[in-house]
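Participant: This is the structure I have questions about; it appears just below.
The values are calculated or read from the model by the stated rules, or taken from the named source; none is laboratory data. These figures come from a predicted structure and were not determined experimentally. Reconstructed Cβ throughout: ideal geometry from the backbone, glycine too, with neighbour counts over all protein chains shown. Note: accessible area is taken over every heavy atom of the protein model, side chains too, but ligands, DNA and RNA are not part of it. Shrake-Rupley method; radii C 1.70, N 1.55, O 1.52, S 1.80 Å.
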Protein chains: 2
Amino acid sequence: MPPIKATHQLTKQHNRDLVLKTIFENDTISRAEIARVTQLTRTTVSDIVAGLILENLVKEVGLGSSIGGKPSILLSLVADSRYLIGVNLAQNKFIGSMVNLRGEIKQSVELPVQGEDGEKAIQLVYQILDQLVKKEWKPIVGIGVGTPGLINTREGIIVSAVNLDWKDLPLALLLQERYRLPVSVMNDSQATAIGEFVYGDHQSDSNLVVVNLMHGIGAGILINGRLFQGDGGGAGEIGHVLVQENGLLCRCGRHGCLETVASSRAVLQDLQNVSNSPEISTLDEVEAKFYDGDPLANEIVLKAGHYLGTSIGSLIGTLNIKKVVLTGDMTRFGPSWLNAVGQSMSQAALGRMVQQTQLELGKLDYRACILGSSAHLLLDGYSLLFLQPEN
Amino acid sequence: MPPIKATHQLTKQHNRDLVLKTIFENDTISRAEIARVTQLTRTTVSDIVAGLILENLVKEVGLGSSIGGKPSILLSLVADSRYLIGVNLAQNKFIGSMVNLRGEIKQSVELPVQGEDGEKAIQLVYQILDQLVKKEWKPIVGIGVGTPGLINTREGIIVSAVNLDWKDLPLALLLQERYRLPVSVMNDSQATAIGEFVYGDHQSDSNLVVVNLMHGIGAGILINGRLFQGDGGGAGEIGHVLVQENGLLCRCGRHGCLETVASSRAVLQDLQNVSNSPEISTLDEVEAKFYDGDPLANEIVLKAGHYLGTSIGSLIGTLNIKKVVLTGDMTRFGPSWLNAVGQSMSQAALGRMVQQTQLELGKLDYRACILGSSAHLLLDGYSLLFLQPEN
């Protein structure tokens, strides 16, 4: 294609994306307001909107308030005009959900994971997806998967996911071939960060850190409204940052990683060891003891919060990001744990940097990963990749 | 202005910036190559280049090799068609330099700083700039200042620079009014990072961390080719990240910051204390002892390297950036110090992330800050702000 056409085509594409993104970011919006926000002319906006209405992506939903002049017609995304599948490959269970364009979960399929790994774990993913694609939600525009481990998102490869014994697994390709749909594969903490950013009411912040505290610990870092993955896809791997020289052995083979002292796994093991109570086998039991006022459980949970706070302090002292959202299993320990995190955070970096930082609990629990995985399909750099008209 | 004109104007501006940036990034380049790189049409490129030649920003410099067809005319930036002033407000001396568009330093003025602060320090800056603007280098298109401290670059305010006793100082405004030139003010480590990025041969990396080891310690983080300053301008303040619980008192009022163990100040103080040699009063003397094989000096310097490496490991374990450049006073301790940094770095985060990371010494010494401060004027988001034609 000669350059002039490419450029023209790119501009059209870019303008359409801009309009669609603006509608996506607002419950309802008028054409005039879109023109104001996007700086496009009203004619351009009207033309693009006409196309989007034809594609059934956008509809007119009523009249806005009028200031002078006649009231303007409000537009809205047609939430159920397309569906996405989001999958969360968590430690003990895999969950897949059908999600509409507004991030509403229409249906979920869940399978327990009891040690399945390798090919067996892949079969579990197929089982979930097979069930979901059979349902009435149509058309499906893509599949997004969030999984623990180091992921090469660009190529859709699981570089390494220790729990599942996956190494250099081209999961995106496998799923694309089986389901004939675009597939995005990403780290679960990064997916969770996108989920919280897009659907957790944090969009007023263009930079955001989301720390996901599960069996392991990972973070997702949004910079200027986009996920930052680093040069190798591993940005946010704070679970393996050293916090205790000569500390406990980590599953990564090193000693004293943050995961060994601040994850849900660490807290459970710690309580088993310290209280000599091997009968405690789940985090629910730790939680019960904690809320019963058990002093050992209390000490262990707050210590975990302390180490986490120090690590977050380093991160914020380095990136100077104003908002940190905590998600995952450990958030069940509530305000006193959050308080321990905050106190240690504020001691670990310059006051003027950490004082500005708000520490919050996530709003979406396990759904954040599902919604983030699916939203990534829509919103990679806000290009709304898979909502392109065919031509 | 009605939106249609604004959009058209913005597109023209954008295309001109793109062409100028492409010429800036290449020693010489043909119009056809510019069209290929920018995806603009040859006609558009030719029109823009004609304008740039009229402005004397670009000139034709000869013929390129021909592959078939006739040889193409090569273009180049006219390095000495405009000048910028870059200023480095370092601990013991202030340096201002006249820099051309290729980052060549034409002349420098240097003044020792012997405890001057507050208004007196501002007067020193005026003295340097007064001398520079009198010289034959014309036209000057702007002044860029790099200074230690927390800086609000957008508003040109020194929020806090402890050494100079500056607090909420509107330095950009003061200099703009005095010299009638655009002024950019930024943190010295961030400026150093831009300098190394633009002129230190690292442009093939779109992400880069530069750690500047002076009296204090700071870093500059480039993400997708742009300086990341965080929500409050303080991104990169790794000097005040906690590395030793209950460690030495830092000048920030907290204990155990990285600066207290890994800066040039720390090394000097440490040697004075440990060797009971108060007569050692400069880093040059520490260096002499170090290279004489003094075991205490050796131990102290390598310990400083160890702590630095651990901090860099955390940073890289979090951001997964492939290249880290070390600059500043401490780099004088050469390969064995660098080795200590590298070893500790590789223990502080996941192997697969730190193994990919190259640790290098900066190439530009104190000039990095000067060149970065001045380049920031040209290249803020590559908009070549102050090379706009008047209209």
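Participant: Let me confirm something: among A:Met345, A:Met330, which residue is part of a helix (DSSP H, G or I) and either open to solvent by 10 Å² or more (accessible area, probe 1.4 Å) or free of Cβ contacts under 8 Å to residues at least 40 places away in the same chain (or both)? Even if it seems obvious, please write down each step before you answer.
Facilitator: Values: A:Met330 fails: either open to solvent by 10 Å² or more (accessible area, probe 1.4 Å) or free of Cβ contacts under 8 Å to residues at least 40 places away in the same chain (or both).
Sole residue among the options that is part of a helix (DSSP H, G or I) and either open to solvent by 10 Å² or more (accessible area, probe 1.4 Å) or free of Cβ contacts under 8 Å to residues at least 40 places away in the same chain (or both): A:Met345.
Participant: Another question, if that's okay. Failed condition for B:Ala235, given (1) among the hydrophobic types (A, V, I, L, M, F, W, C); (2) over 14 Å from A:Gly317 (Cβ atoms); (3) facing another protein chain (nearest Cβ under 8 Å), with all others met?
Facilitator: (2)
Participant: Could you tell me which residue of segment A:268-283 is modelled with the lowest pLDDT, considering only residues that are assigned to a helix (DSSP H, G or I) and open to solvent by 10 Å² or more (accessible area, probe 1.4 Å)?
Facilitator: Our first condition is that a residue be assigned to a helix (DSSP H, G or I); within segment A:268-283, this holds for A:268-274, A:283.
Still in the running and open to solvent by 10 Å² or more (accessible area, probe 1.4 Å): A:268-270, A:272-274, A:283.
Working: A:Leu268: 95, A:Gln269: 93, A:Asp270: 92, A:Gln272: 91, A:Asn273: 88, A:Val274: 84, A:Leu283: 94.
Ranking the qualifying residues of segment A:268-283, first place goes to A:Val274.
Participant: So in segment B:348-359, with the set limited to residues that are open to solvent by 60 Å² or more (accessible area, probe 1.4 Å) and touching a strand residue (DSSP E or B) at 6+ places or on another chain (Cβ under 7 Å), which one is nearest to the other protein chains (Cβ to nearest Cβ)? Explain how you work it out, then say what you get.
Facilitator: As a first pass, look at segment B:348-359 and keep what is open to solvent by 60 Å² or more (accessible area, probe 1.4 Å): B:352, B:355-356, B:358.
Cutting the leftovers down to touching a strand residue (DSSP E or B) at 6+ places or on another chain (Cβ under 7 Å) gives us B:352, B:358.
On the way: B:Arg352: 7, B:Gln358: 11 Å.
Ranking the candidates gives B:Arg352 first.
Participant: What is the one condition in (1) open to solvent by 40 Å² or more (accessible area, probe 1.4 Å); (2) more than 22 Å from A:His202 (Cα to Cα); (3) within 14 Å of chain B (Cβ to nearest Cβ); (4) under 25 Å from the mean Cα position of the chain (by Cα) that A:Lys322 does not satisfy?
Facilitator: Against the list (1) open to solvent by 40 Å² or more (accessible area, probe 1.4 Å); (2) more than 22 Å from A:His202 (Cα to Cα); (3) within 14 Å of chain B (Cβ to nearest Cβ); (4) under 25 Å from the mean Cα position of the chain (by Cα), A:Lys322 comes up short only on (2).
Participant: Which residues, counting only those in segment A:91-102, are open to solvent by 10 Å² or more (accessible area, probe 1.4 Å) and touching a strand residue (DSSP E or B) at 6+ places or on another chain (Cβ under 9 Å)? I'd like the intermediate steps shown before the answer.
Facilitator: Step one: of segment A:91-102, the residues open to solvent by 10 Å² or more (accessible area, probe 1.4 Å) are A:91-93, A:102.
Across segment A:91-102, the qualifying residues are A:Asn92, A:Lys93, A:Arg102.
Participant: Also, quick follow-up: Hey, among the residues in segment A:360-375 that are within 10 Å of the chain's Cα centre (by Cα) and over 20 Å from A:Gln91 (Cβ atoms), which one's surrounded by the fewest Cβ atoms within 10 Å (Cβ to Cβ)?
Facilitator: Ranking the candidates gives A:Ala375 first.
Participant: Right, something else. Counting only residues that are out of contact with any Asp or Glu (no Cβ under 6 Å at 6 or more places or on another chain), closer than 23 Å to B:Phe24 by Cβ and open to solvent by 60 Å² or more (accessible area, probe 1.4 Å), which one in segment B:57-74 is modelled with the lowest pLDDT?
Facilitator: Ranking the candidates gives B:Ser65 first.
Participant: Mind listing just one residue for me: the one in segment B:226-243 that is in a loop (DSSP other than H, G, I, E, B) and open to solvent by 30 Å² or more (accessible area, probe 1.4 Å) and, of those, nearest to B:Thr331 (Cα to Cα)? Working first, answer last.
Facilitator: Filtering segment B:226-243 down to residues in a loop (DSSP other than H, G, I, E, B) leaves B:229-237, B:241, B:243.
Imposing the further condition that a residue be open to solvent by 30 Å² or more (accessible area, probe 1.4 Å) reduces the set to B:229, B:231, B:243.
Values: B:Gln229: 24, B:Asp231: 30, B:Val243: 20 Å.
The qualifying residue nearest to B:Thr331 (Cα to Cα) is B:Val243.
Participant: Also: For segment A:38-47, what are the residues that are more than 15 Å from A:Val58 (Cβ to Cβ) and open to solvent by 80 Å² or more (accessible area, probe 1.4 Å)?
Facilitator: Answer for segment A:38-47, where residues must be more than 15 Å from A:Val58 (Cβ to Cβ) and open to solvent by 80 Å² or more (accessible area, probe 1.4 Å): A:Gln39, A:Arg42, A:Thr43.
Participant: If you don't mind, another one. Output yes when any residue across segment A:87-94 is part of a strand (DSSP E or B) and touching a Cys at 6+ places or on another chain (Cβ under 6 Å), and no when none is.
Facilitator: Just the residues of segment A:87-94 that are part of a strand (DSSP E or B), to begin with: A:87-89, A:93-94.
Next cut, touching a Cys at 6+ places or on another chain (Cβ under 6 Å) only: A:88.
The answer is yes; a qualifying residue exists.
Participant: Name the residues in segment B:313-327 that are of a type in the set (A, V, I, L, M, F, W, C) and either in a loop (DSSP other than H, G, I, E, B) or within 14 Å of B:Ser263 (Cβ to Cβ) (or both), would you?
Facilitator: First, the residues of segment B:313-327 that are of a type in the set (A, V, I, L, M, F, W, C): B:315-316, B:319, B:321, B:324-326.
Scanning segment B:313-327 gives B:Ile321, B:Leu326.
Participant: From A:Asn212, A:Asn246, A:Asn298, grab the single residue that is open to solvent by 50 Å² or more (accessible area, probe 1.4 Å), polar (S, T, N, Q) and at pLDDT 95 or above. Even if it seems obvious, please write down each step before you answer.
Facilitator: Working: A:Asn212 fails: open to solvent by 50 Å² or more (accessible area, probe 1.4 Å); A:Asn246 fails: at pLDDT 95 or above.
The unique qualifying residue is A:Asn298.
Participant: Here's something else I'd like to know. Looking for something acidic (Asp, Glu), farther than 16 Å from B:Leu20 by Cβ, in a strand (DSSP E or B) and free of Cβ contacts under 8 Å to residues at least 24 places away in the same chain - is there at least one such residue anywhere in segment B:52-61?
Facilitator: Initial filter on segment B:52-61 (acidic (Asp, Glu)): B:55, B:60.
Add one more test, that the residue is farther than 16 Å from B:Leu20 by Cβ, and what stays is none.
Within segment B:52-61, none of the residues are acidic (Asp, Glu), farther than 16 Å from B:Leu20 by Cβ, in a strand (DSSP E or B) and free of Cβ contacts under 8 Å to residues at least 24 places away in the same chain.
Participant: Is it fair to say A:Val286 is more than 13 Å from chain B (Cβ to nearest Cβ), closer than 18 Å to A:Gly342 by Cβ and either in a helix (DSSP H, G or I) or of a type in the set (S, T, N, Q) (or both)? Before you say what the answer is, go through the steps one by one.
Facilitator: On the way: more than 13 Å from chain B (Cβ to nearest Cβ): yes; closer than 18 Å to A:Gly342 by Cβ: no; either in a helix (DSSP H, G or I) or of a type in the set (S, T, N, Q) (or both): yes.
So A:Val286 fails the test.
Participant: Checking B:Arg265 against (1) under 27 Å from A:Leu350 (Cα atoms); (2) assigned to a loop (DSSP other than H, G, I, E, B); (3) among the charged types (D, E, K, R): exactly one of these is not met. Which one?
Facilitator: Going through (1) under 27 Å from A:Leu350 (Cα atoms); (2) assigned to a loop (DSSP other than H, G, I, E, B); (3) among the charged types (D, E, K, R) one by one, B:Arg265 breaks only (2).
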